[in-house]
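The structure appears below as structure tokens.
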Amino acid sequence: METGEEFGPWLARQLKLAGKTQAELADELNLTRAAVSAWITGRSTPRPTVMADIAKALGTDVGTVHTRTTDTQAGLPITWYHRPGYPDGGRELGNAAAFAFDADVQVLARETCQNSLDERLTENGRPVRVRYTLHELTGETLDAFREAILWNDLFPHYSAVSEGAGNQKVGRVVDAGVRDMYEKGRLVLLRVDDYNASGLIGDDYADGKFAAVVRRQLESLKSTHGAGGSYGLGKATLWATSALGLVLINSTLSVPHEGRTERRLIGRLELPWREVDGRQYAGPAWFGRPDPDSPGAQVARSWWADEETVARLHLTRENDEPGTSFLVVGAHDVASLDEKRSDVDEEAIDEDGDEDTRDISRMHRRLVQALGRDFWAAMIGGGGRPPLLEVSVRSLRNGDVVVPEEQVDPSDMQPSRSRALRAHFEGATVDRLTEAGQVAARSVPLKLPLSGGTRGTLGTHQAVLLITDAEDKDGAKNQVHSLRGNRMTIKNTTVPNLPLGTNPFQAVLLAGEAAGESAPFATEAEEFLRAAEPPEHDRWGQTEELTLRWSPSAYRRINSLTSEVNKAVKELVARPKRSERAGGEALRKALTVKTKPKAKAPSGPVVPVLDGLDATVGEGGEWRIVAEVSIPRGDEITPMTPVAQLDVRSGGRPRLDWAELVAVEGCEVEDGVLRFTPGARRAKFRGSTDATSHPVRTTLTRLVVELRAGKGE
């Protein structure tokens, strides 16, 4: 039998839920108020014969009073609480955090699996286990689920959003999701379960992981120093992937709350501002039990559900291991449309000709691809080191298997890199590649700056570079996968300017805590690199946090690391030179060498190429650049116009005005156009942007500089 919470706190909450006072319960039991008070404070417990009377007074069974693993069903029922509209008339037409990501199951896989890695319980040395389940509901199964989430109570809110959908991006998505469910009679659920994780511990409202995920935006509370996330944005991908803006949550806690750990449930709905039956609502809503301590007992809080309720909501977990289950209701994958348009598989098109963003077989495949691409290193163990992660994907339709559960195997999806990392863990690397299948290792320096803008170097961190032969299953060749503490792939870059004839290879860079506990300044490097990542955690470069905590030029340390990595790769893959006498005199006589005539310079105009760029933020908030230009050999050099733009996640890039453009060498500036010296092979110019033309604060942006022919249009 499960062990529930202490009798006193449990009874006090049941009285609140039932709207009873201690005195009223004492009267019903024909006992004194002091007796009930003693139970509440823990000074005594009721006799077994009194338990039956307490159960009757609370409208429940004796077993519930004895076990105390769930709340009684008496009193305030499970319901939806919609946040009222703001009294000052303000309107929010969607959660801005969700706009940071596309409705893409591969983005969701990256963010949710990263969060699970960050919440792994490390004391037992076991990996965190994550399972993705796609579940399509139709017919009676769909009807039963809609009844469980009180769909009839939600429908007026969806209708209000649909009426104003033309003016709201979120509204158009929601309207399409509701229409898809009704017109096609189906709903796709995407569930993310993790095990051996901390769970959503903490109070409903006070600081803690539960409140950070369910109640708040842009708050990141991580368990480990080497965590991947730092912005508190990743959770928004759950709601972004739901066409209905709805996510249900069931968490098993690693630390008891209210004396319990299992089946802590809550739901959150993200809709834009709306008006329903003459009342205005701000946006979000919560699915839970009304909190008796809230004004009018209206605010919904989490509740401890029974097994039947959890099953009806499709949130049953397979065991009592700590972790959390997130259920994305109405999952869709808009980002797969481009893939479908190039795919001849006719299952991608519905009978009415509409492209289907809810095809579970396709979403299944894209989830497996993303998890294998981004988390292969976290799934690798060896040399006494266990893997950090195990992950699988399965697909169902009304409970029946559509695609069997598929364990993501890094050795199958990333064979070369997996071999390299495993060899490193097992101490089986070499200094230089001499045979097929070997793994070479090299230390690469990262010079860490002093914090606070102080000039100087804190110390040199030695990252670990691994390189091995590439295999066909690896995908693109000659790549470097860069990792840090939790071993999620951060950067995936191609090594430029490789010598002709280089054998195909794959490389892995282990930086920060991924380089090992013995690596010097591993903790400091972890902190520095984490600060250099944007919300997508897909590169290292200039960020606001890096600028504020270190300096505007701190990113140059990362550029230097990249240069050192590329240099080391070229040294490790370079083929040894043959001696002048290699091959023998007979072979040389048998060969006829024809001298290739010197290439003639092209007679037409040649186009210069931007070859190097150094950029900093000036004291006035302007971008300051020094740029180098490579000029092909030719009779005529095309004049070029430097164009400065801000990099954005979607839409057109805002163009910035130049406050100054100055020629340094090999060119001159006329009305913003670079005209190059005849016969020059390189040129250099510098410039600064007009800060008044910047649409947002410079430290929050990234700069893109292009050379365009003519006047730059």
Carbon/sulfur fraction of accessible area - the stretch 1-61, other protein chains in place, 1.4 Å, %: 52
Built amide H within the under 5 Å cut-off of D690, gap 5+: D657, W658, A659
Gyration tensor (alpha-carbon) shape descriptor, the stretch 643-713, a/c threshold 1.5: prolate
Accessible surface of the stretch 393-445, 1.4 Å probe, proportion on carbon and sulfur as whole %: 44
Potential extension, K447-R682 segment - 0.36 nm per residue separation minus Cα distance: 81.6 nm
Under 19 Å from K473, Cα to Cα: aspartates and glutamates that are on another chain or at least 8 residues apart: D374, E406, D409, D412
1.4 Å probe accessible area per residue over the stretch 422-536, in Å²: 44
Cα centroid separation - the stretch 684-713 against the stretch 428-454, whole Å: 35
The stretch 1-61 shape via C-alpha gyration tensor axes, a/c threshold 1.5: rounded
Rounded percent of accessible protein surface that carbon and sulfur make up, the stretch 243-288, 1.4 Å probe: 42
Correct choice for Cα extents along the principal axes in Å that was computed from the model, options (i) 112, 61, 58; (ii) 83, 76, 47; (iii) 83, 65, 59: (i)
Too-long pairs where the Cα-Cα distance tops 26 Å, listed order kept, from K20/K209; K477/K711; K491/K567: K20/K209; K477/K711
Distance from the stretch 100-154 to the stretch 235-250 (C-alpha centre basis), Å: 8
Cα Rg, Dmax, the stretch 471-512, angstrom units: 11.5, 35
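The values are calculated or read from the model by the stated rules, or taken from the named source; none is laboratory data. Computed from a prediction, not measured in an experiment: that's the story for all the values here. SASA here: full protein model, heavy atoms, side chains in, ligands and nucleic acids out. Shrake-Rupley method; radii C 1.70, N 1.55, O 1.52, S 1.80 Å.
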